[in-house]
Amino acid sequence: MVMIELKRLNAFVTVVEAGSITRAAELLFIQQPPLTRLLQGLEQEFGISLLERLPRGVVPTEAGEVLLQEARAVLARAAQLSAAMRRAAQGEQGRIRIGFTSSAALHTFVPALLRRYRTIYPAVSTQLEESGSGELLSAVVAGELDVAFVRMRVKDMPELEMEKVLDEPMWVAVPAGHKLASQMAGQPLRLEDLSNEPFVLYRRRAGQGLYDAILGAYVRAGFSPHIVQEAPRLTSCLSLVGAGLGISIVPESMTRLGGDGVVFLPLDTATQLSAPLYLARREDSHSSAIINMFCDLVKTQLKAD
């Protein structure tokens, strides 16, 4: 297989299109003798004549015509490759792997952000993964995800860099027909109002941040919740609430799900209970233009909102 430099292919195409070695040398900003030697070397590599010398210029031979078409295709592909590399270096082409919790996906901010990102950077493919905060953070540390929207901040993972994106209120989910649904309709609930209620909570491993925040709020109120069931996900909690097993406390974004047999009631702000959303990335990821551009867009989206 003859390995041909792009420089030689470009010179050959220029000569054919100019119809003259002298004119091609001017277009390529080189002297005529070096260009002639370059063409001769190309013919020697193939072992065939590529150009027919005429009194007033040059024309390609039959073999030269074939090389001309192939050379144009190769040069065009090389130009595309070079442009793709520049776009990748600027964070405009490649792939980004984004993780999020189920409740984060329900917040209007995250879907709107992803839609805007895809519009601005259509050449970047997005790989999405939903899981619990703990699993997502471990995946970011392991390099399996580039960024993740999670509900908890961790201090025992120094490899991570975490930034708070937003806080959202927490709401109480109660079964339809529950006394609180009629007695407290439109009124913010205090934790004291829930002290004797059976409580459905998501497993700590699946939602450690929210799990700990809820228990902490109960401790501040002076009692512990009567937990009758733990669910693997927030969405599962709502199903159990709808089945009448108990009540639960969920981020406001979960109220968008609705759900048969579930009524959502606001929680008093005095409980100091909210659902934070963080964006996690590796501390050593700042060399990635794609990740930097995504994180910059998160900040831009926050300002727009």
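Structure data summary
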quantity: Index of the failed condition, Ala173 passing every other in (1) touching a helix residue (DSSP H, G or I) at 6+ places or on another chain (Cβ under 8 Å); (2) open to solvent by 60 Å² or more (accessible area, probe 1.4 Å); (3) touching a residue at least 40 places away in the same chain (Cβ under 8 Å); calculated: (2)
quantity: One residue from Ala148, Ala112 being under 17 Å from Ala280 (Cα atoms), touching a residue at least 24 places away in the same chain (Cβ under 8 Å) and hydrophobic (A, V, I, L, M, F, W, C); calculated: Ala148
quantity: Residue identified as at pLDDT 85 or above, open to solvent by 40 Å² or more (accessible area, probe 1.4 Å), part of a strand (DSSP E or B) and of a type outside the set (Gly, Ala, Ser) among Glu192, Glu161, Glu168; calculated: Glu161
quantity: Test: residue in the range 114-124 that is over 10 Å from the mean Cα position of the chain (by Cα), of a type outside the set (D, E, K, R) and closer than 22 Å to Val250 by Cα; calculated: no
quantity: Those residues of the range 122-153 which are open to solvent by 30 Å² or more (accessible area, probe 1.4 Å) and not in a helix (DSSP H, G or I), in sequence order; calculated: Pro122, Ala123, Ser125, Thr126, Gln127, Leu128, Glu129, Glu130, Ala142, Gly143, Glu144, Arg153
quantity: The one condition in (1) more than 14 Å from Thr271 (Cβ to Cβ); (2) modelled with pLDDT of 85 or more; (3) within 32 Å of the chain's Cα centre (by Cα) that His226 fails to fulfil; calculated: (3)
quantity: Neighbours by Cβ (under 8 Å, 6+ apart or cross-chain): first from the range 66-90, more than 16 Å from Glu5 (Cβ to Cβ) and touching a residue at least 24 places away in the same chain (Cβ under 8 Å); second surrounded by 11 or more Cβ atoms within 10 Å (Cβ to Cβ) and among the acidic types (Asp, Glu); calculated: none
quantity: Residue match in the range 30-46 (condition: charged (D, E, K, R), surrounded by 13 or more Cβ atoms within 10 Å (Cβ to Cβ) and either touching a residue at least 60 places away in the same chain (Cβ under 8 Å) or in contact with a strand residue (DSSP E or B) (Cβ under 8 Å, 6 or more places away or on another chain) (or both)); calculated: yes
quantity: Subset of the range 176-189 [in contact with a Ser or Thr (Cβ under 9 Å, 6 or more places away or on another chain) and open to solvent by 20 Å² or more (accessible area, probe 1.4 Å)]; calculated: Pro188
quantity: Residue match in the range 271-281 (condition: within 22 Å of Ser195 (Cα to Cα), open to solvent by 30 Å² or more (accessible area, probe 1.4 Å) and touching a residue at least 24 places away in the same chain (Cβ under 8 Å)); calculated: yes
quantity: Ala88 of a type outside the set (D, E, K, R), crowded, with 16+ Cβ neighbours inside 10 Å and within 30 Å of Arg256 (Cβ to Cβ); calculated: no
quantity: Residue among Ala217, Ala173 that alone is farther than 17 Å from Arg281 by Cβ, assigned to a helix (DSSP H, G or I), among the small types (Gly, Ala, Ser) and over 22 Å from the mean Cα position of the chain (by Cα); calculated: Ala217
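The values are calculated or read from the model by the stated rules, or taken from the named source; none is laboratory data. Just so we're clear, the structure is a prediction, and the values are computed from it rather than from any experiment. A quick note on method: Cβ atoms are made from the backbone with ideal geometry, for glycine too, and the neighbour counts reach across all protein chains shown. These accessible areas exclude ligands, DNA and RNA; they are computed on the full protein's heavy atoms, side chains included. Shrake-Rupley method; radii C 1.70, N 1.55, O 1.52, S 1.80 Å.
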